[in-house]
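Data first, discussion second: the structure below is written as structure tokens.
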Ligand code: DUC
Ligand code: ZN
């Protein structure tokens with residue numbers, strides 16, 4: 001069975017092209033003007049934008065599994081929501097139990113995703129223990145298609161020392177992979193949290209104070225110093241501040257290869273949300289927190305001028321009732337994380353393309369091409385090109401709608417973007433050459449497959 005997409009504007013690697021595109025089996029087989037329909041099913045994409053399937057570089061499905069702090073979205077609901085929005089591949093964070101092997105985490109994540117995922121998926125590997133045994137596992141991870149890692153400089157149960165971070169960067173670089181870092185200074189977060197609690201300041205309004213911009217600045221600066229000493233490219237995940245961006249600029253000016261991810265929440269929402277009445281601020285608690293309007297403007301500037309490479313969601317959904325409410329009496333007990341896997345493409349289109357900040361081609365680079373390159377999937381994924389996978393999004397830039405929790409696929413009882421008007425939506429999605437979203441509704445589920453990734457393809 002083949003599908004011919006006619007009359008669309010294709011966001012090809014070299015730029016937008018008005019042409020037709022044919023997918024046969026799982027693969028793009030033809031791109032060109034006026035392709036004959038033959039016996040292909042024809043989809044008319046006149047007036048629409050045709051993107052390579054979007055890749056979400058940062059999700060947490062089934063996090064804290066089996067605890068009262070388990071996330072609301074599991075692999076079934078999270079990947080279905082992703083697909084509805086046009087995300088055809090997610091990269092989720094596998095995390096070993098304390099003292100356990102990387103292999104054990106990889107197997108756990110495979111078990112959770114296999115047969116349930118509606119979009120394709122790969123895994124980054126979180127490193128929290130570091131010893132000869134873990135080091136020895138890296139070649140096997142590479143062979144199994146895991147080529148990206150994450151470390152934390154925050155959280156008591158996750159954070160690693162500078163020496164470990166340095167050694168992980170070096171070891172992963174030898175594998176041709178890349179390490180991303182959660183850059184916040186854990187000691188300063190803990191000190192500020194203790195001070196605020198001692199002063200009886202226990203509402204969500206204290207959350208951004210306990211994660212001040214200086215804590216990101218310091219951690220980005222340190223992370224990039226460790227990378228400089230290691231002599232290897234690194235990634236910064238969920239960058240949220242002007243100061244963090246400036247720290248990355250300084251490292252790049254010294255010649256370092258630095259990759260930057262930000263998230264829709266840092267491009268569309270600000271810290272005033274934490275002062276909403278009635279504990280509503282808890283809905284926005286995530287780490288790093290929402291920031292100021294000045295930070296938001298700086299991040300957009302970074303997106304516009306190509307300094308920011310990827311926009312992932314950090315999708316980590318907790319129901320307001322009862323999960324966020326665990327922190328009703330103490331902001332520091334509010335589970336940190338917000339949903340977004342479904343709405344990222346519409347948000348980036350609305351606040352980026354429709355607002356005149358970026359072109360559709362830049363949106364393609366941020367959501368498809370650069371994620372695929374950095375995480376070893378290009379050009380099989382992330383490109384509209386002959387020979388690439390038939391993961392394709394037909395996006396309608398004319399369709400206006402409002403985000404609501406009531407109408408979302410995400411399995412969570414709110415959305416931080418409630419009521420926002422969107423200037424376009426994902427209309428049709430092909431996954432490996434098959435239509436799985438039509439008219440904005442998911443029509444086929446459970447067809448996601450594991451993506452075995454290769455080395456990072458650095459371009460900076
Ligand atoms: N931040 C969050 O808000 N949630 C999940 C992990 C993270 O770093
Ligand atoms: Zn995260």
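Laboratory data are not the source of any read-out in this text; all were calculated from the coordinates shown. Because the structure is a prediction, the values reported are computed rather than measured. Here Cβ is always computed from backbone atoms with ideal geometry, including for glycine, and neighbour counts include all displayed protein chains.
Compared with the dominant principal axis of the Cα atoms in the chain, helix 242-253 is inclined by about 70°. Taking a point 7 Å from the Cα of residue 459 along the Cα-to-Cβ direction, the residues of the stretch 4-20 with backbone N closer than 14 Å to it are 11-16. The Kirkwood radius of the stretch 1-62, taken over pairs of alpha-carbon atoms, gives through the Stokes-Einstein law at 20 °C and 1.002 mPa s a diffusion coefficient of 169 µm² s⁻¹. Every Cα-Cα pair of the stretch 406-460 was included, and the share exceeding 15 Å stands at 68 percent.
Per residue of the chain, the DSSP helices (runs of n ≥ 4 H) give a summed -39500 (n - 2.57) that works out to -8000 deg cm²/dmol at 222 nm.
Diffusion coefficient (Stokes-Einstein, Kirkwood radius over C-alpha pairs, 10 °C, 1.306 mPa s) for the stretch 262-313: 137 µm²/s, rounded to a whole number.
Ranked from highest to lowest mean number of other Cβ atoms within 10 Å per residue, what is the order of the peptides 431-440, 325-334?
Values: 431-440: 18.6, 325-334: 16.8.
Peptide ranking by packing, descending: 431-440, 325-334.
If the chain linking residue 325 and residue 254 were pulled fully straight, counting 0.36 nm for each residue of separation and taking away their Cα-Cα distance, it would gain 21.0 nm.
Using a Förster distance of 41 Å, how high is the FRET efficiency between residue 229 and residue 111, based on the Cβ-Cβ distance and rounded to 0.05? Before the final figure, lay out each step's value.
On the way: r = 38 Å, r/R0 = 0.92.
After rounding to 0.05, the efficiency reads 0.60.
Taking label points 7 Å from Cα along the Cα-to-Cβ direction, residue 39 and residue 276 give a separation of 5.4 nm.
Axis angle, to the nearest 10 degrees, between helix 162-174 and the longest C-alpha principal axis of the chain: 20 degrees.
For the chain, DSSP calls about 50 percent of its internal beta bridges antiparallel.
Rounded to the nearest 10 degrees, the angle from helix 102-113 to the longest Cα principal axis of the chain is 50 degrees.
Grab the beta carbon distance between residue 333 and residue 100, set R0 = 30 Å, and tell me the FRET efficiency rounded to 0.05. Working shown, then result.
Working: r = 26 Å, r/R0 = 0.87.
Here the calculated transfer efficiency is 0.70.
What separates the Cα centres of the stretch 380-425 and the stretch 257-279 is a distance of 19 Å.
Over all orientations, the chain has a Cα convex hull whose mean projected area works out to 19.7 square nanometres. Taking the inverse of the mean reciprocal distance over all distinct Cα pairs, the Kirkwood hydrodynamic radius of the stretch 335-452 comes to 15.5 Å.
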